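Have a look at the structure below before the remarks.
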């Protein structure tokens, strides 16, 4: 992510196939939820006479996808609360050590 001269941000990313699928699936899931919210708001505004046209929704698809990315970041746990990073070799997940239990 890089700030632009007007204060907005721009960026691109390259992910491996597994990480890309994880990020894309979550963006799509949140984006569908935001679309449903936009559609419901437009239907309420239009009086449910008909389904809203794309230009009658509050956000464009690109705006919804950007908002979905922000929502992912907002929902992300703080580093102190985050689970340990996944350790992978190829497509196999390595076993995590068992949690230590406090002794008497």
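Read the figures in this text as sums done on the coordinates, not as results from a lab. This is a predicted model, so every value here is computed, not measured. Glycine gets a Cβ as well: all are built from the backbone with ideal geometry, and neighbour counts include every protein chain shown.
Each peptide in 43-51, 8-16, 61-69, 22-30 was scored by the mean count of other Cβ atoms within 10 Å over its residues; highest first, the order is 61-69, 22-30, 43-51, 8-16. The equivalent ellipsoid of the range 16-76 has semi-axes of 27, 11, 9 Å, largest first, where each one is the square root of 5 times an eigenvalue of the Cα gyration tensor.
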